[in-house]
Amino acid sequence: LFLQMKLDKEGNTTYFEKKKTELYQELGLQARDLRFQHVVSIATRNNRIIMRMEFLKAVITPEFLLILDYRNLSLEHWLLNELASQLAGEGQLVTYSLPFEFRAIEAILQYWISKLQGRLNTLQPQILETLEALVDPKLLSVDRSKLHILLQNGKSLSELETDVKVFKETILEILDEEEVIEELCLSKWTDPQVFEESTSGIDHAEEMELLLENYYRQAEDLLNEARELRVLIDDSESIIFINLDSHRNVMMRLNLQLTMGTFSVSLFGLIGVAFGMNLESSLEEDPRIFWLVTGIMFLGSGLIWRRLLSFLGRHLDPPLPPHVPAVLKKSQPAAGRVEIKTNLKGETFGLSRSTLTNQ
């Protein structure tokens, strides 16, 4: 059974359940036309418009709008509070003066584009807040919980980009086919008065094309906003990696400096090791030898460490850019201008000479 909601031109609403076979026989459709998958498509069958917006499934006729399987909380809120009033003319639909199918199509497209915009408005502050917390040069490490939130938001953003692309491509396929746009104008083929109005100057096919182009542009703007947010995420990831690499380089350089200091102390510590051996000589009897050897050890270690640090600085620090004299800086643009002027003079002279020759 299909749980159905029927809305007419005045916004009157009726609810009923009907079997699938009875439904497509009543509407003059085939069974495959009511095979609603969670896709986005707009098609015409037997003077009926079949719209699929994932969980929103609708059949539009010149007299009424039929919503199928609307058991969704957000969808029920829209159906009960907004759709009926929009179809009756109490909303802000631009196509109220046009036939009923225009209002129904605009109401559904407006709901779907606002649904996509709401998803982006929910994701954008969350992503910006997470990136602001992550992109901080003072942080030596990255909060894994923030990265997990950013990963989830990135997946949601990818799903949103896919949905907007599908919606945009669906409208573009219709805009590329003039026959399909003509078929979407149902009242033009069923009501003779509407057909006479269209021949007298009101082309409903052009109105339908303008309506679809409007929502195509809105989908394109929405997709551009999502892409800008994606670029911001990628740039922030690069900044995070740069900060982590910078801190890692600092730690590696500190480790290298400490290793050099340890090497310097160990090198001159060999003197103390030599004097600490159980050997008898006349030096151990002199009390000044201890302070002399200790001073030589510390002084030699400090000098060696200083030399190693200067060697490290020369090979790790980036070289300075070459100095350009001020005279060259001033003379180069002037020479360039003189050369350009001479070239222009030569070209104009050659042009005038060729013109005189032709004359």
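The values are calculated or read from the model by the stated rules, or taken from the named source; none is laboratory data. Only a predicted model underlies this, so the values are computations on that prediction, with no experimental measurement involved. Positions of Cβ are backbone-derived with ideal geometry, glycine not excepted, and every protein chain shown enters the neighbour counts. Protein only, heavy atoms only, side chains kept; ligands, DNA and RNA dropped before computing areas. Shrake-Rupley method; radii C 1.70, N 1.55, O 1.52, S 1.80 Å.
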Student exercise, region 2-246 dipole from Lys, Arg, Asp, Glu Cβ charges, in Debye to nearest 20: 1220 debye
Sparsely packed GluC sites (Glu not before Pro) within region 1-80, loop by DSSP, other Cβ within 10 Å at most 10: Glu10
Sites Glu169 and Ser246, calculated FRET efficiency, Cβ-Cβ separation with R0 30 Å, nearest 0.05: 0.10
Accessible surface, 1.4 Å probe, highest first, among residues Leu211, Leu292: Leu292, Leu211
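Restricting attention to region 64-131, which trypsin sites (Lys or Arg not before Pro) occupy a DSSP loop and are surrounded by at most 14 other Cβ atoms within 10 Å? Display every interim value, and only then the final one.
On the way: sites: Arg71, Arg103, Lys115, Arg119; in loops: Arg71.
Passing both the DSSP loop test and the Cβ count: Arg71.
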Inter-label distance, nm, simple model (7 Å from Cα along the C-beta direction), Glu182/Val39: 2.6 nm
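Extension gain Asp69-Gln126, at 0.36 nm per residue separation less the Cα-Cα distance, in nm?
Numbers: separation 57, 0.36 × 57 = 20.52 nm, distance 3.25 nm.
Here the segment from Asp69 to Gln126 would lengthen by 17.3 nm.
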Accessible heavy-atom area order of Thr130, Thr190, highest first, probe of 1.4 Å: Thr190, Thr130
Efficiency of FRET from Cβ geometry, Arg217 and Lys155, R₀ 35 Å, rounded to 0.05: 0.80
For region 2-246, the fraction of alpha-carbon pairs in successive 10 Å shells from zero, as %: 7, 27, 29, 18, 11, 7, 2, 0
Region 1-140: C-alpha gyration tensor shape, a/c 1.5 cut-off, then a/b vs b/c: prolate
